[in-house]
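Scroll down for the structure; my scribbles are underneath it.
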Amino acid sequence: MNQMEDAIAQDLTSAQPLLEITDLDVYYGESHILRSVDMGVAAGKMVCLIGRNGVGKTTMLKTIMGLLKPRKGKVKFTGVNVTGLSPDRRARMGIGYVPQGREVIPRLTVKENLILGLEARDKSQKPTVASLQDDLEEVYELFPVLKSMLWRLGGDLSGGQQQQLAIARALMGKPKLLVLDEPTEGIQPSIILEIEAAVRRIVQTTGVGVLLVEQHLHFVRQADWYYAMQKGGIVASGATSELSNDVIQKFLAV
Ligand SMILES: Nc1ncnc2c1ncn2[C@@H]1O[C@H](COP(=O)(O)OP(=O)(O)OP(=O)(O)O)[C@@H](O)[C@H]1O
Ligand SMILES: [Mg+2]
(Lines give C-alpha, C1' and ligand atoms only; values in the text may rest on other atoms or scores of the structure.)
(Ligands and ions follow the chains in the order given, each with its own letter.)
Protein backbone atom coordinates (compact mmCIF):
# COMPACT_ATOMS: atom_id res chain seq x y z
CA MET A 1 0.00 0.00 0.00
CA ASN A 2 1.41 3.43 -0.80
CA GLN A 3 1.26 6.32 1.67
CA MET A 4 -1.78 7.89 0.09
CA GLU A 5 -3.83 4.70 0.26
CA ASP A 6 -2.52 4.17 3.74
CA ALA A 7 -3.73 7.60 4.84
CA ILE A 8 -7.14 7.14 3.33
CA ALA A 9 -7.54 3.60 4.61
CA GLN A 10 -6.32 4.11 8.13
CA ASP A 11 -6.94 7.60 9.21
CA LEU A 12 -9.22 9.39 6.84
CA THR A 13 -11.81 6.69 7.47
CA SER A 14 -14.79 6.45 5.18
CA ALA A 15 -14.20 9.98 3.93
CA GLN A 16 -14.20 10.31 0.15
CA PRO A 17 -10.74 11.02 -1.27
CA LEU A 18 -10.83 14.53 -2.70
CA LEU A 19 -7.25 14.82 -3.81
CA GLU A 20 -5.05 11.89 -4.80
CA ILE A 21 -1.47 12.36 -5.88
CA THR A 22 0.51 9.46 -7.22
CA ASP A 23 4.16 9.05 -8.10
CA LEU A 24 4.70 12.72 -8.83
CA ASP A 25 8.01 13.99 -10.24
CA VAL A 26 8.48 17.72 -10.81
CA TYR A 27 11.48 19.58 -12.20
CA TYR A 28 12.52 23.20 -12.56
CA GLY A 29 14.51 22.95 -15.78
CA GLU A 30 16.96 20.18 -15.04
CA SER A 31 16.73 20.37 -11.24
CA HIS A 32 14.71 17.50 -9.91
CA ILE A 33 12.56 18.93 -7.10
CA LEU A 34 9.72 16.49 -6.26
CA ARG A 35 10.49 12.80 -6.18
CA SER A 36 7.84 10.05 -6.41
CA VAL A 37 5.39 11.89 -4.16
CA ASP A 38 2.19 10.12 -3.06
CA MET A 39 -0.31 12.09 -1.00
CA GLY A 40 -4.02 12.21 -0.30
CA VAL A 41 -6.59 14.56 1.21
CA ALA A 42 -10.12 13.44 2.06
CA ALA A 43 -13.24 15.61 2.30
CA GLY A 44 -13.76 17.05 5.76
CA LYS A 45 -10.13 16.46 6.74
CA MET A 46 -7.25 18.78 7.35
CA VAL A 47 -3.87 17.58 6.15
CA CYS A 48 -0.60 19.36 6.83
CA LEU A 49 2.56 19.19 4.74
CA ILE A 50 5.63 19.94 6.84
CA GLY A 51 9.31 20.23 6.02
CA ARG A 52 12.24 22.63 6.24
CA ASN A 53 12.84 25.59 3.94
CA GLY A 54 13.43 24.76 0.32
CA VAL A 55 12.41 21.08 0.38
CA GLY A 56 9.64 21.50 -2.21
CA LYS A 57 6.42 22.27 -0.31
CA THR A 58 5.40 25.26 -2.43
CA THR A 59 6.39 23.34 -5.57
CA MET A 60 3.97 20.62 -4.45
CA LEU A 61 1.07 23.06 -4.00
CA LYS A 62 1.78 24.80 -7.32
CA THR A 63 1.67 21.43 -9.05
CA ILE A 64 -1.67 20.64 -7.42
CA MET A 65 -2.98 23.97 -8.71
CA GLY A 66 -1.61 23.34 -12.22
CA LEU A 67 0.90 26.21 -12.13
CA LEU A 68 3.66 23.64 -12.67
CA LYS A 69 3.45 20.54 -14.86
CA PRO A 70 4.82 17.26 -13.49
CA ARG A 71 7.19 15.25 -15.63
CA LYS A 72 5.70 12.08 -14.21
CA GLY A 73 2.74 11.08 -12.05
CA LYS A 74 -0.87 12.05 -11.62
CA VAL A 75 -3.06 14.55 -9.77
CA LYS A 76 -6.66 13.43 -9.31
CA PHE A 77 -9.35 15.67 -7.86
CA THR A 78 -12.81 14.29 -6.99
CA GLY A 79 -11.82 11.18 -8.89
CA VAL A 80 -11.02 13.12 -12.08
CA ASN A 81 -7.53 13.17 -13.55
CA VAL A 82 -6.70 16.91 -13.65
CA THR A 83 -2.99 16.57 -14.44
CA GLY A 84 -3.42 18.21 -17.84
CA LEU A 85 -5.90 20.92 -16.80
CA SER A 86 -5.18 24.65 -16.40
CA PRO A 87 -5.16 26.38 -12.99
CA ASP A 88 -8.35 28.16 -13.99
CA ARG A 89 -10.18 24.91 -14.71
CA ARG A 90 -8.99 23.45 -11.41
CA ALA A 91 -10.20 26.52 -9.55
CA ARG A 92 -13.64 26.17 -11.12
CA MET A 93 -13.70 22.48 -10.22
CA GLY A 94 -13.27 23.52 -6.59
CA ILE A 95 -9.63 23.91 -5.63
CA GLY A 96 -9.16 27.17 -3.72
CA TYR A 97 -5.56 28.32 -3.42
CA VAL A 98 -4.01 30.88 -1.10
CA PRO A 99 -0.38 31.27 -2.20
CA GLN A 100 2.59 31.92 0.05
CA GLY A 101 2.86 35.67 0.67
CA ARG A 102 -0.76 36.76 0.70
CA GLU A 103 -1.85 38.12 -2.63
CA VAL A 104 -4.68 40.52 -1.93
CA ILE A 105 -5.13 43.28 -4.48
CA PRO A 106 -3.81 46.38 -2.69
CA ARG A 107 -5.80 48.96 -4.64
CA LEU A 108 -9.15 47.22 -4.30
CA THR A 109 -11.26 47.46 -1.17
CA VAL A 110 -11.77 44.53 1.16
CA LYS A 111 -15.23 44.01 -0.28
CA GLU A 112 -13.99 44.16 -3.87
CA ASN A 113 -11.30 41.63 -3.02
CA LEU A 114 -13.97 39.33 -1.60
CA ILE A 115 -16.18 39.69 -4.68
CA LEU A 116 -13.18 38.76 -6.85
CA GLY A 117 -13.28 35.36 -5.16
CA LEU A 118 -16.49 34.63 -7.09
CA GLU A 119 -14.40 34.31 -10.26
CA ALA A 120 -13.33 30.86 -9.11
CA ARG A 121 -16.91 29.58 -9.21
CA ASP A 122 -18.29 27.45 -11.94
CA LYS A 123 -20.97 29.13 -14.08
CA SER A 124 -23.62 26.90 -12.54
CA GLN A 125 -22.80 28.36 -9.12
CA LYS A 126 -23.07 32.08 -9.81
CA PRO A 127 -24.78 33.71 -6.84
CA THR A 128 -28.04 35.62 -6.61
CA VAL A 129 -28.09 38.90 -4.68
CA ALA A 130 -29.51 37.13 -1.63
CA SER A 131 -27.11 34.18 -1.73
CA LEU A 132 -24.15 36.52 -2.20
CA GLN A 133 -25.13 38.35 0.98
CA ASP A 134 -25.36 35.01 2.83
CA ASP A 135 -21.94 33.98 1.56
CA LEU A 136 -20.44 37.30 2.66
CA GLU A 137 -22.04 36.96 6.10
CA GLU A 138 -20.48 33.51 6.42
CA VAL A 139 -16.97 34.82 5.84
CA TYR A 140 -17.59 37.81 8.16
CA GLU A 141 -18.53 35.34 10.85
CA LEU A 142 -15.26 33.50 10.38
CA PHE A 143 -13.23 36.71 10.15
CA PRO A 144 -15.15 39.48 11.95
CA VAL A 145 -12.36 41.99 11.45
CA LEU A 146 -13.13 42.07 7.71
CA LYS A 147 -16.68 43.25 8.26
CA SER A 148 -15.45 46.34 10.06
CA MET A 149 -13.09 47.16 7.19
CA LEU A 150 -15.14 46.55 4.05
CA TRP A 151 -14.28 49.87 2.40
CA ARG A 152 -10.64 49.94 3.35
CA LEU A 153 -8.05 49.21 0.65
CA GLY A 154 -6.52 45.74 0.76
CA GLY A 155 -3.06 47.29 0.80
CA ASP A 156 -3.85 49.23 3.98
CA LEU A 157 -4.60 46.11 6.05
CA SER A 158 -2.05 44.59 8.42
CA GLY A 159 -0.30 41.40 7.36
CA GLY A 160 -2.58 39.27 9.51
CA GLN A 161 -5.70 40.99 8.18
CA GLN A 162 -4.51 40.51 4.60
CA GLN A 163 -4.04 36.82 5.26
CA GLN A 164 -7.57 36.58 6.66
CA LEU A 165 -8.84 38.41 3.58
CA ALA A 166 -6.93 36.06 1.26
CA ILE A 167 -8.49 33.01 2.92
CA ALA A 168 -11.94 34.60 2.94
CA ARG A 169 -11.62 35.44 -0.76
CA ALA A 170 -10.72 31.81 -1.54
CA LEU A 171 -13.81 30.72 0.43
CA MET A 172 -16.03 32.99 -1.68
CA GLY A 173 -15.18 30.64 -4.57
CA LYS A 174 -16.92 27.82 -2.63
CA PRO A 175 -14.01 25.40 -2.89
CA LYS A 176 -14.18 21.71 -2.07
CA LEU A 177 -10.48 21.75 -1.26
CA LEU A 178 -8.69 24.71 0.28
CA VAL A 179 -4.93 24.82 -0.27
CA LEU A 180 -3.00 27.14 2.06
CA ASP A 181 0.71 27.88 1.76
CA GLU A 182 2.12 29.04 5.12
CA PRO A 183 -0.80 31.25 6.11
CA THR A 184 0.86 32.32 9.36
CA GLU A 185 4.29 33.26 7.98
CA GLY A 186 5.35 36.56 9.56
CA ILE A 187 2.10 37.02 11.48
CA GLN A 188 1.76 37.88 15.16
CA PRO A 189 0.77 35.06 17.56
CA SER A 190 -2.73 36.30 18.47
CA ILE A 191 -3.73 36.45 14.79
CA ILE A 192 -2.19 33.02 14.17
CA LEU A 193 -4.62 31.63 16.76
CA GLU A 194 -7.54 33.37 15.05
CA ILE A 195 -6.55 32.01 11.66
CA GLU A 196 -6.10 28.46 12.87
CA ALA A 197 -9.42 28.51 14.71
CA ALA A 198 -11.15 29.78 11.56
CA VAL A 199 -9.55 27.09 9.38
CA ARG A 200 -10.48 24.37 11.87
CA ARG A 201 -14.03 25.69 11.90
CA ILE A 202 -14.24 25.75 8.11
CA VAL A 203 -13.28 22.06 8.03
CA GLN A 204 -15.76 21.11 10.72
CA THR A 205 -18.74 23.10 9.55
CA THR A 206 -18.47 22.90 5.76
CA GLY A 207 -16.81 19.53 5.14
CA VAL A 208 -14.19 20.97 2.78
CA GLY A 209 -10.79 19.34 2.77
CA VAL A 210 -7.78 21.48 3.66
CA LEU A 211 -4.19 21.00 2.57
CA LEU A 212 -1.95 23.22 4.62
CA VAL A 213 1.75 23.98 4.55
CA GLU A 214 2.66 25.21 8.01
CA GLN A 215 5.58 25.63 10.40
CA HIS A 216 3.80 26.50 13.65
CA LEU A 217 3.45 23.39 15.76
CA HIS A 218 0.21 24.52 17.39
CA PHE A 219 -1.40 24.95 13.98
CA VAL A 220 0.06 21.66 12.68
CA ARG A 221 -1.60 19.91 15.61
CA GLN A 222 -5.03 21.14 14.44
CA ALA A 223 -4.65 18.97 11.36
CA ASP A 224 -5.78 15.34 11.26
CA TRP A 225 -2.88 13.98 9.27
CA TYR A 226 0.64 15.10 8.37
CA TYR A 227 3.13 14.38 5.62
CA ALA A 228 6.78 15.27 6.16
CA MET A 229 8.87 16.21 3.15
CA GLN A 230 12.63 16.08 2.82
CA LYS A 231 14.55 16.77 -0.41
CA GLY A 232 11.33 16.59 -2.41
CA GLY A 233 10.19 13.21 -1.12
CA ILE A 234 7.67 12.22 1.55
CA VAL A 235 9.71 10.58 4.30
CA ALA A 236 7.13 10.27 7.09
CA SER A 237 3.38 10.54 7.54
CA GLY A 238 0.80 9.83 10.20
CA ALA A 239 -1.90 11.15 12.48
CA THR A 240 -0.92 14.47 14.04
CA SER A 241 -2.09 13.09 17.40
CA GLU A 242 0.98 10.88 17.16
CA LEU A 243 3.51 13.52 16.10
CA SER A 244 6.75 12.56 17.83
CA ASN A 245 9.35 14.96 19.16
CA ASP A 246 11.74 13.47 16.67
CA VAL A 247 9.49 14.38 13.73
CA ILE A 248 8.85 17.83 15.18
CA GLN A 249 12.55 18.52 15.53
CA LYS A 250 13.46 17.20 12.11
CA PHE A 251 10.73 18.85 10.07
CA LEU A 252 9.51 21.94 11.88
CA ALA A 253 11.48 25.08 12.57
CA VAL A 254 10.36 25.30 16.22
N1 LIG B 1 11.15 29.14 -10.22
C2 LIG B 1 12.13 28.33 -9.78
N3 LIG B 1 13.17 28.00 -10.57
C4 LIG B 1 14.16 27.19 -10.14
N5 LIG B 1 14.21 26.64 -8.91
C6 LIG B 1 13.21 26.94 -8.07
C7 LIG B 1 12.13 27.81 -8.45
N8 LIG B 1 11.29 27.92 -7.40
C9 LIG B 1 11.82 27.17 -6.41
N10 LIG B 1 12.97 26.58 -6.80
C11 LIG B 1 13.82 25.68 -6.01
O12 LIG B 1 13.07 24.51 -5.73
C13 LIG B 1 13.31 24.05 -4.42
C14 LIG B 1 11.99 23.92 -3.67
O15 LIG B 1 11.42 25.22 -3.50
P16 LIG B 1 10.01 25.44 -2.80
O17 LIG B 1 9.68 26.86 -2.95
O18 LIG B 1 9.06 24.43 -3.30
O19 LIG B 1 10.40 25.09 -1.29
P20 LIG B 1 9.54 25.26 0.06
O21 LIG B 1 9.60 23.93 0.75
O22 LIG B 1 8.21 25.82 -0.24
O23 LIG B 1 10.43 26.31 0.90
P24 LIG B 1 9.97 27.47 1.96
O25 LIG B 1 9.73 26.75 3.25
O26 LIG B 1 11.17 28.33 2.04
O27 LIG B 1 8.76 28.16 1.42
C28 LIG B 1 14.28 25.05 -3.80
O29 LIG B 1 15.57 24.51 -3.90
C30 LIG B 1 14.13 26.29 -4.66
O31 LIG B 1 15.33 27.01 -4.69
MG1 LIG C 1 7.26 27.55 0.30
From Gln222, Gln230, residue being farther than 18 Å from Gln100 by Cα and over 15 Å from the mean Cα position of the chain (by Cα): Gln230
Just checking, does the range 127-135 include any residue being more than 20 Å from Thr205 (Cβ to Cβ) and not β-branched (Val, Ile, Thr)? yes
Any idea which of Gly94, Gly117, Gly66 is within 22 Å of Asp134 (Cβ to Cβ) and in contact with a Pro (Cβ under 6 Å, 6 or more places away or on another chain)? Gly94
Any residue at all in the range 127-141 that's open to solvent by less than 40 Å² (accessible area, probe 1.4 Å), closer than 23 Å to Gly186 by Cα and in contact (Cβ under 8 Å) with a residue 40 or more places away in the chain? no
Cross-chain or 6+ apart pairs with Cβ under 7 Å, the range 77-103 first and among the hydroxyl-bearing types (Ser, Thr, Tyr), then part of a loop (DSSP other than H, G, I, E, B): Thr78/Lys176; Thr83/Pro70; Ser86/Gly66
Only residues that are open to solvent by 60 Å² or more (accessible area, probe 1.4 Å), in contact (Cβ under 8 Å) with a residue 60 or more places away in the chain and either under 14 Å from Glu112 (Cβ atoms) or in contact with a strand residue (DSSP E or B) (Cβ under 7 Å, 6 or more places away or on another chain) (or both): list them for the range 146-195, please. Lys176
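The values are calculated or read from the model by the stated rules, or taken from the named source; none is laboratory data. A quick note: this is a predicted structure, and the numbers were derived from the prediction, not measured. Every residue, glycine among them, receives a Cβ derived from its backbone with ideal geometry; neighbour counts consider all protein chains shown. For accessibility, only protein heavy atoms count, side chains too; no ligands or nucleic acids. Shrake-Rupley method; radii C 1.70, N 1.55, O 1.52, S 1.80 Å.
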